[in-house]
Each structure stands twice: as C-alpha cells, then as structure tokens.
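Each remark here refers to the structure printed beneath this line.
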Amino acid sequence: MDVPKPRNYYTQPQFIDVNGLSTAYRRKGSGEPVLFLHGAGSTRMWLPMYERFSESVDFIAPEHPGFGETPRPDWLQNFNDLVIHYDQFLAELDILDFHLVGWSLGGWTAAEFASYYPRRLKSLTLIVPIGLRLPDNPGVDFFKLLPEELVDLLFNDKAALETVAPDPDDFDEICQAHYEASTFAKLIWSPRYNLALEHRLQRLDCPALVVKAEDDRLVPGAMADRFAEVIPGAGTVTIPDTGHALCIERPNDTAVAILKFIQEND
C-alpha cells in the first residue's frame, strides 16, 4: 500500500530491517539516545516537539508495526510482539542503554518494555499513558466514538489540531487512518489493560516520570496517577492548558519538562 504524505511536517524516514520487517524511523540530534514511542496517530511527521528534543539529545522516533510507513506483519498480535520488536530494533541500531519516552499507546508499549528490560533504561517517561485497569473510572470507549467525537476529545486546542489534521477529502488519508485504527484495535480491543503490568512495573529502579495533561478528556487523569503510584519513585508533572494531545498542543513545554528530567538523571 502506498502511504500518503501528510500536509504538514512530513519528512522522509530511514528504514531498517528488524527481523524481516522494514521499519520506518526518524532520527536527529546528538547526545544521550532517547527512544520515543508514538501514540495511535500523528504518524509520518517530524513534529515540532521532536525537533525541540533533537536540539538536546539523539532523538529516535520509530513507527510501530502497522503505523505510518512500517507495514503491519502477520505476526503482530499483542504488546509482547512490540516489546520483542523494539528490543531487536535497538540491537540493530547498536543501542544498549537509553532513555525511553512513550505517549498514550506508546506509553503502554514503553511500560511493557520497561517491565521486561528494566536494567536497560536510564530513565522512563510516560506521557498520558494507557494500559492499566481503573475499575471505578474506565474512561471513554475509543471504539464507540465517531471520528469527529474522538478528535474533539483528543484535542482541547483546535488550532493545534489544524496543524496535524489530515485532509478530509484525501481518500488515501482516510484509508491510512482506517489502517492505523485497525492496528490500534488489534492491540487493545480486548482487554483494554494488562492486569499483570502493575506488578511487573514494580521491578523498575530507574528514574521515572509520568507526564499529565491538565484537562485530559479522553483518558482519565486517574490513569496517569495510577502509573505514578505503581512505579517505584515515579514523579509527575502536569503540562498546563493541555488535553490528551499535549505533545502537539504544547510541544515546547512538554519537551522542556521531559528534557529537564532526563538531564537531571543522566
């Protein structure tokens, strides 16, 4: 399938073979390696937040299997497959120790990776992550929302939305969005959490930070709070005037807060 190019922020990726899967990634900067795992959208772009990171660190932003310009392989079934994929991805780049940052779906993926390979991490940052069970506040069912409802809950700042929104009249973009949504569903349809993750995260001994949005209308703020509770010694920071799409709404503020944490724990 030909992958369409977004209207804004598109950059040509590099590709690397990871156990037979041609994996797209973008990399810029120097210094400490920082692996960033994206959420369920805003792929194929070098976002302003990425550029801000690259001014201070070696910023590496791969695209998950089934997202952006990385094809979805038949073997992708769950987060264990993503963890193994990224372990091999890092091996191909000859990176052993690194700082790990994950946003939303990428936050869940980063948490899973950290629970399996805690000694490889110099630090862990989870940005409005998902993946734990909140019995009293399960939040929004993503898959019951119309596209316009989902976007409305995702973005509090509609001006920021316009910078990354796909062309609604571009049929290829509609197909790409459906393709990525089907990958997202494949990963989290059932269950929408990992009951074992709370226990496994207690293995971590690296510095950890949970980044919260001031007004996340898509994922309950209690989710971020719960991650901070179960990760030993984890701190929190709230980015003001933001929703779930804080990486796009306040790219500089979000990057600066995380870079400060990384530099303090380098």
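Each value in this text was obtained by applying a stated rule to the coordinates, not by laboratory testing. Note that this is a predicted model, so its numbers are computed, not measured. Positions of Cβ are backbone-derived with ideal geometry, glycine not excepted, and every protein chain shown enters the neighbour counts.
What distance in nm lies between label points placed 7 Å from Cα along the C-beta direction at Arg133 and Ile84?
2.5
Which longest uninterrupted range of the chain lacks any chymotrypsin sites (Phe, Trp or Tyr not before Pro) assigned by DSSP to a loop state (not H, G, I, E or B) and surrounded by at most 12 other Cβ atoms within 10 Å? Before the final figure, lay out each step's value.
Working: sites that count: Trp75, Trp189.
For chymotrypsin sites (Phe, Trp or Tyr not before Pro) (loop position, at most 12 other Cβ atoms within 10 Å), the longest site-free span of the chain is 76-188.
According to a simple spin-label model (label point 7 Å from Cα along Cα-to-Cβ), what is the distance in nm between Glu92 and Asp172?
Simple spin-label model gives 2.4 nm for this pair.
Would you please give the residues with an amide H less than 5 Å from that of Glu214, counting only those at least 5 places away or on a separate chain, with H modeled from the backbone geometry?
Distant-sequence amide H within range of Glu214: Ile239, Asp241, Thr242.
Taking amide H positions as placed 1.01 Å from N in the peptide plane, with prolines and chain starts having none, which residues 5 or more places from Arg72, or on another chain, fall under 5 Å of its amide H?
HN-HN under 5 Å from Arg72: Gly66.
What is the set of long-range amide H partners of Leu37 at a cut-off below 5 Å, with H atoms built 1.01 Å from backbone N?
Val101, Gly102, Trp103
Taking Cα centroids, how far is region 174-239 from region 43-101 in Å?
17
Rounded, prolate or oblate: pick one for the chain, where a ≥ b ≥ c are the square roots of the eigenvalues of its C-alpha gyration tensor, a/c under 1.5 means rounded, and failing that, prolate if a/b is larger than b/c, else oblate.
Numbers: a/c = 1.23, a/b = 1.10, b/c = 1.12.
Taking the square roots of the gyration eigenvalues as a ≥ b ≥ c, the chain is rounded.
Can you run phi through the Karplus equation (6.51, -1.76, 1.60; θ = phi - 60°) for region 41-47 and list ³J(HN,Hα) in whole Hz, with x for Gly and Pro?
Here the 3J(HN,Hα) series is x, 6, 8, 6, 10, 9, 6 Hz.
Report the paramagnetic label zone for Ala181: residues of region 216-236 whose backbone N is under 20 Å from a point 7 Å from Cα along the Cα-to-Cβ axis.
217-219
Would you mind computing, in nm to one decimal, how far apart the modelled labels at Thr236 and Asp266 are, each placed 7 Å from Cα along Cα→Cβ?
So the label points at Thr236 and Asp266 sit 2.8 nm apart.
For the chain, modelled as a GNM with alpha-carbon contacts under 10 angstrom, which of Leu134, Leu105, Leu121 fluctuates the most?
Comparing Leu134, Leu105, Leu121 in the GNM, the peak value goes to Leu134.
In whole Hz, what ³J(HN,Hα) sequence does region 164-169 give by Karplus (6.51, -1.76, 1.60; θ = phi - 60°), x for Gly and Pro?
10, 5, x, 5, x, 9
Using the charge dipole of region 14-264 (Lys, Arg: +1 at Cβ; Asp, Glu: -1 at Cβ; taken about the Cα centre), state which of Met45, Val34, Thr254 has its Cα farthest towards the positive end.
Going by the charge dipole, the pick is Val34.
Pick out the long, greasy-scoring helices in the chain: whole DSSP H runs spanning 24 Å or more along their own axis by Cα, mean Kyte-Doolittle at least 0.5.
Numbers: long enough: 171-188 (26 Å, 0.13).
Taking the DSSP H segments of the chain (at least 24 Å long, mean hydropathy at least 0.5), we get none.
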